[in-house]
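K.L.:
Take this structure first; my questions come after.
The values are calculated or read from the model by the stated rules, or taken from the named source; none is laboratory data. If you're wondering where the values come from, they're calculated on a predicted model, not measured in any experiment. No Cβ is skipped: glycine too gets one built from the backbone with ideal geometry, and neighbour counts run over all protein chains shown.
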Amino acid sequence: MATVDTNLGQITMNGYEAKGHFVLPASDWTGEYYELLQASLEKMKRKYEHNTGAQQVIGMIESEISLYEKHGGEYSYVFFAMERKWI
């Protein structure tokens with residue numbers, strides 16, 4: 001994770017021109033994504049209950065959801081639009 005300014009600097013350093021960025025509202029990650037994802041994960045747990053690899057992936061996704069539930073007010077998801085600079 002990095003700040004918006006850090007990411008904008010990385011964009012420039014890597015030969016791109018930042019065209020804009022925006023922070024997604026929390027509702028996009030809760031009701032529109034994480035809640036639906038969590039419901040799917042419950043089904044996947046049952047479907048792949050004997051698949052260790054699948055259970056590990058499910059656990060990683062659940063950890064991300066838990067992190068957002070506990071600390072979502074401390075960070076946000078940002079989309080960046082950029083264009084490659086051709087030299």
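K.L.:
Identify, please: which residue in the range 55-87 is touching a helix residue (DSSP H, G or I) at 6+ places or on another chain (Cβ under 7 Å) and in a strand (DSSP E or B) and is, among those, modelled with the lowest pLDDT?
P.N.:
Among residues in the range 55-87 that are touching a helix residue (DSSP H, G or I) at 6+ places or on another chain (Cβ under 7 Å) and in a strand (DSSP E or B), the one modelled with the lowest pLDDT is Val78.
K.L.:
In addition: Inspect all residues belonging to the range 12-26 and state whether any of them is in a loop (DSSP other than H, G, I, E, B), closer than 22 Å to Ala81 by Cα and among the hydrophobic types (A, V, I, L, M, F, W, C).
P.N.:
Yes; the residues of the range 12-26 include at least one that is in a loop (DSSP other than H, G, I, E, B), closer than 22 Å to Ala81 by Cα and among the hydrophobic types (A, V, I, L, M, F, W, C).
K.L.:
Which members of the range 25-54 meet the condition of being under 20 Å from Tyr68 (Cα atoms), at pLDDT 90 or above and not hydroxyl-bearing (Ser, Thr, Tyr)?
P.N.:
Pro25, Glu35, Leu36, Leu37, Gln38, Ala39, Leu41, Glu42
K.L.:
Can you tell me which residue within the range 46-82, out of those that are more than 20 Å from Thr6 (Cβ to Cβ) and among the polar types (S, T, N, Q), is surrounded by the fewest Cβ atoms within 10 Å (Cβ to Cβ)?
P.N.:
Once the filter is applied, the top-ranked residue is Thr52.
K.L.:
Name every residue in the range 22-45 that is farther than 30 Å from Val4 by Cα and either in contact with a Leu (Cβ under 6 Å, 6 or more places away or on another chain) or among the small types (Gly, Ala, Ser) (or both), in order of residue number.
P.N.:
Ala39, Ser40
K.L.:
All but one of (1) over 18 Å from Tyr77 (Cα atoms); (2) surrounded by 11 or more Cβ atoms within 10 Å (Cβ to Cβ) hold for Asn7, so report the exception by its number.
P.N.:
So Asn7 meets the others, but not (1).
K.L.:
Quick one: how many residues across the range 1-22 are modelled with pLDDT of 90 or more and within 12 Å of the chain's Cα centre (by Cα)?
P.N.:
Matching residues across the range 1-22 total 0.
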